[in-house]
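So the structure is just underneath, and the comments pick up after that.
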Amino acid sequence: MLPPGFRHLQLDETGSTNTECLDLARAGEAGGLWVTARKQLSGRGSRGRNWVSEPGNLYASLLLDAPWPLASLSQLSYVASLALRDALIEAAAPFSTLPDFRLKWPNDVLADGEKTAGILLESHAVGDRRIVICGIGTNVRHYPSETLHPATSLLEKGIDTEPEILFSRLARTFASRLLEWNGGDGFATTRRDWQDAAIGLGRKAKVVLPTRDGQRTIAGTLLGIDETGVMSMRREDGSVEKITTADIFFA
C-alpha cells in the first residue's frame, strides 16, 4: 500500500534506479513514481562513486516533478535522510536493540557511527519540466568492506528485515516528510529535525572539497545548516566558510 499520489515500479534488476527514473521521465512518466530493484548493475553513489548493489539490500529512487524554487531543491536531501531515518527506527522497533541512527552531512545515514545508507539527489530539465530524483541505497543484509567511511548493515545490527518491508515504511515516511517540507515553506521544521538527528555539529572536522584541479582540505568546527540548507564551518582562523559539496572526516 502506497500513500495517495504515489506509484511503484518494481524491477528484478536495472543499471541504476536513478537512471531508470530519468529514462521514464523523458518518456513522459509523471512524478510520484518509486522505482525499486532487487539488484543494480551500475549503482552510483555521490560524485560518481560506485555503489555495491547485490541482492538483499534496498535500492530505491523516487521521481518527483519539481515546481518548487530551484534554490530549495537541494533541501530534498534533508527530507530524504529524515524519512529514511524514520523508516529505519520503525524497522528496528521490534528487535531487542535499537542502533543510534544519525545523519551525517551531506547524505549519509549512520547506525552507531557506521554508514548504513546513502542518498543521491539529482535534478534535471526534461523538456519544459524540472524533475528531481531521490535515490536511496540501504545496506539491509550486507555491506561493502572497503569504503571511505566504516560501513554496516541492518542485519549486522540485529535488525532482520527485508528490503520490501523497509521500502513500504520508507514510502510512507517520505510522503509525510515531503508534505511537511511543503516545497521549502516548511524547511524550518525539516532543518530543526535534521540538526537534532545530525552527528558532528559543534565538533572539529576536516572537510575535503572538490576543486577544478582536484581537491582542497580545510579544518574547523561544523556549525550547522543555514535557513537555505547550506552547511557552515568556522575555520581555525575564525572565518566562516559555506560548504555545498564535500567529504567530512571528524577528528
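Rule-based calculations on the coordinates, nothing more; no lab input. Nothing here was measured: the structure is a model prediction, and the numbers come from that model. Methodologically, a virtual Cβ is constructed for each residue, glycine included, from the backbone with ideal geometry; neighbour enumeration extends over all protein chains shown.
The table below lists the values:
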{"quantity": "Sum of side-chain charges, GLU54 neighbourhood, beta-carbon under 11 Å (Lys, Arg +1; Asp, Glu -1)", "calculated": "+2"}
{"quantity": "Taking the chain and dividing mean pair separation by its residue count, relative contact order in percent (alpha carbons under 8 Å, at least six apart)", "calculated": "17"}
{"quantity": "Value of Rg/Rh across segment 204-250 [Cα atoms, Kirkwood radius]", "calculated": "0.95"}
{"quantity": "Segment 54-160: chymotrypsin sites (Phe, Trp or Tyr not before Pro) falling in loop per DSSP and having at most 14 other Cβ within 10 Å", "calculated": "PHE95"}
{"quantity": "The chain: C-alpha pair distances exceeding 26 Å, %", "calculated": "38"}
{"quantity": "Sites matching GluC sites (Glu not before Pro) across segment 165-251 that sit in DSSP coil, with at most 15 neighbouring C-beta atoms within 10 Å", "calculated": "GLU227, GLU236"}
{"quantity": "Unsatisfied cross-links (Cα-Cα over 20 Å) in the set LYS204/LYS242; LYS104/LYS206; LYS39/LYS157; LYS115/LYS206", "calculated": "LYS39/LYS157"}
{"quantity": "Cut-off under 5 Å, modelled amide H: who pairs with GLU114 long-range", "calculated": "none"}
{"quantity": "Likely footprinting exposure, ILE133, ILE89, fewest C-beta neighbours within 10 Å first", "calculated": "ILE89, ILE133"}
{"quantity": "Radius 12 Å from Cβ of LEU9, net charge of other residues (Lys, Arg +1; Asp, Glu -1)", "calculated": "-3"}
{"quantity": "Rg ratio (alpha-carbon, reference 2.2 N^0.38 Å) - segment 66-154", "calculated": "1.23"}
{"quantity": "Dipole of segment 164-251 [Lys/Arg +1, Asp/Glu -1 at C-beta], most positive-end residue of GLY184, PHE249, GLY202", "calculated": "PHE249"}
{"quantity": "Residue order, fewest to most surrounding Cβ atoms within 10 angstrom, among ASP108, ASP193", "calculated": "ASP193, ASP108"}
{"quantity": "Cut-off 10 Å between beta-carbons: net charge of the residues surrounding LEU209, Lys and Arg +1, Asp and Glu -1", "calculated": "-1"}
{"quantity": "Charge dipole (debye, nearest 20) of segment 1-136; +1 at Cβ of Lys and Arg, -1 at Cβ of Asp and Glu", "calculated": "280"}
{"quantity": "Dipole axis of the chain (+1 Lys, Arg; -1 Asp, Glu on Cβ), positive-most option in PRO94, LEU222, LEU70", "calculated": "LEU222"}
{"quantity": "Ranked list, fewest to most other Cβ atoms within 10 Å of each Cβ, for SER74, SER153, SER81", "calculated": "SER74, SER153, SER81"}
{"quantity": "Amide H contacts of LEU223 (H built 1.01 Å from N, under 5 Å, at least 5 apart or other chain)", "calculated": "GLY202, SER232, MET233, ARG234"}
{"quantity": "Within segment 89-195: Cβ-based charge dipole about Cα centre, in debye rounded to nearest 20 (Lys, Arg +1; Asp, Glu -1)", "calculated": "280"}
{"quantity": "Student exercise, the chain dipole from Lys, Arg, Asp, Glu Cβ charges, in Debye to nearest 20", "calculated": "480"}
